[in-house]
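Have a look at the structure that comes next, please.
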Amino acid sequence: MEKLIERIKSDGTVSGEDILKVDSFLNHQIDVGLLDDMGKEFYNYFKGKNIDKILTIEASGIAVACFAGKYFDVPVVFAKKTESKNLDLETYDADVYSFTKGKTYKVKVSKKYLSAGENVLIIDDFLANGKAAEGLISIVEKAGAKAAGIGIVIEKAFQLGGEKLVNSGYDLFSLAVIEKFENQQPVFR
Ligand code: 5GP
């Protein structure tokens, strides 16, 4: 997605060896017009897949998943990372290791919001080692639903999560794919 790549080039900053910061339009402040275009792109790619529901993970996946949900006209569910007394007791759970935080946390989705037989589109902001996506896939599969596709805003191909998902047979579509960082700048595929 050319518009996204241009925005990453102008606003993105590289932190350490392997983190891209895009707080000005995706992870802190949100560019609503750009995210709406992202939702449309996901719709155009996955529209033939009879998507019943979109699943993402809090917090940064929610905004982009909502714009996709608008185009598919389906509900958006987000996996919760935080323990909450409000969350239903009956949940599908998965453990996710976060390399940005260096710890494993549990993500949960109420059994009310995923049903057997549904075609679920998984959406997230970044794909690195694929742990968040794998956690969401396992939740979908525990519900007896199908992970019909995985839509990612920014994939860092050098971290191999994408390769693993494609080799496992999942339909992965990323709006921008970064091959590497060179001189603190992303190099796009
Ligand atoms: P994975 O589970 O694929 O290793 O990492 C994906 C998750 O980690 C995403 O949900 C995202 O929140 C976070 N993440 C991974 N890499 C980056 C990055 O370069 N920048 C930002 N902002 N978040 C990242």
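The values are calculated or read from the model by the stated rules, or taken from the named source; none is laboratory data. Just so you know, these numbers come straight off a predicted model, no measurement behind them. Ideal geometry is used to build each Cβ from the backbone, glycine not excepted, and the neighbour counts take in all protein chains shown. Calculation scope for accessible area: heavy atoms of the full protein, side chains included, ligands and nucleic acids excluded. Shrake-Rupley method; radii C 1.70, N 1.55, O 1.52, S 1.80 Å.
In the range 24-40, how many are touching a residue at least 24 places away in the same chain (Cβ under 8 Å), in a helix (DSSP H, G or I) and within 14 Å of the ligand (Cβ to nearest atom)?
Final tally of qualifying residues: 2.
Among the residues of the range 41-51, is any of a type in the set (S, T, Y), assigned to a strand (DSSP E or B) and free of Cβ contacts under 8 Å to residues at least 60 places away in the same chain?
No, there is no match, as no residue in the range 41-51 is of a type in the set (S, T, Y), assigned to a strand (DSSP E or B) and free of Cβ contacts under 8 Å to residues at least 60 places away in the same chain.
Can S174 be described as assigned to a strand (DSSP E or B), in contact with a strand residue (DSSP E or B) (Cβ under 8 Å, 6 or more places away or on another chain) and of a type in the set (S, T, N, Q)?
Yes: the conditions hold for S174.
Determine, yes or no, whether K21 is more than 16 Å from the ligand (Cβ to nearest atom) and modelled with pLDDT of 95 or more.
In short, no.
Go through (1) in contact with a helix residue (DSSP H, G or I) (Cβ under 6 Å, 6 or more places away or on another chain); (2) more than 8 Å from the ligand (Cβ to nearest atom); (3) without any contact (Cβ under 8 Å) to a residue 40 or more places away in the chain; (4) not aromatic (F, W, Y) and name the single condition K101 misses.
Going through (1) in contact with a helix residue (DSSP H, G or I) (Cβ under 6 Å, 6 or more places away or on another chain); (2) more than 8 Å from the ligand (Cβ to nearest atom); (3) without any contact (Cβ under 8 Å) to a residue 40 or more places away in the chain; (4) not aromatic (F, W, Y) one by one, K101 breaks only (1).
Filter the range 83-100 for residues that are over 17 Å from K131 (Cα atoms) and part of a loop (DSSP other than H, G, I, E, B); which is least open to solvent (accessible area, probe 1.4 Å)?
L87
Let me ask you something else. Of everything in the range 148-171 that's assigned to a strand (DSSP E or B) and among the aliphatic types (A, V, I, L, M), which residue is surrounded by the fewest Cβ atoms within 10 Å (Cβ to Cβ)?
Among those residues, the one meeting the criterion is A148.
Could you check how many residues of the range 133-148 are of a type in the set (G, A, S) and away from the ligand (no atom under 16 Å from the Cβ)?
The qualifying residues number 4.
While we're here: Would the range 111-131 turn up any residue that is part of a helix (DSSP H, G or I), more than 15 Å from the chain's Cα centre (by Cα) and of a type in the set (G, A, S)?
Checked against the condition, which is being part of a helix (DSSP H, G or I), more than 15 Å from the chain's Cα centre (by Cα) and of a type in the set (G, A, S), the range 111-131 yields no hits at all.
With the structure loaded, tell me whether K49 is open to solvent by 50 Å² or more (accessible area, probe 1.4 Å), within 15 Å of the ligand (Cβ to nearest atom) and touching a strand residue (DSSP E or B) at 6+ places or on another chain (Cβ under 7 Å) or whether it fails that test. Let's see the steps before the verdict.
Values: open to solvent by 50 Å² or more (accessible area, probe 1.4 Å): yes; within 15 Å of the ligand (Cβ to nearest atom): no; touching a strand residue (DSSP E or B) at 6+ places or on another chain (Cβ under 7 Å): yes.
The answer is no for K49.
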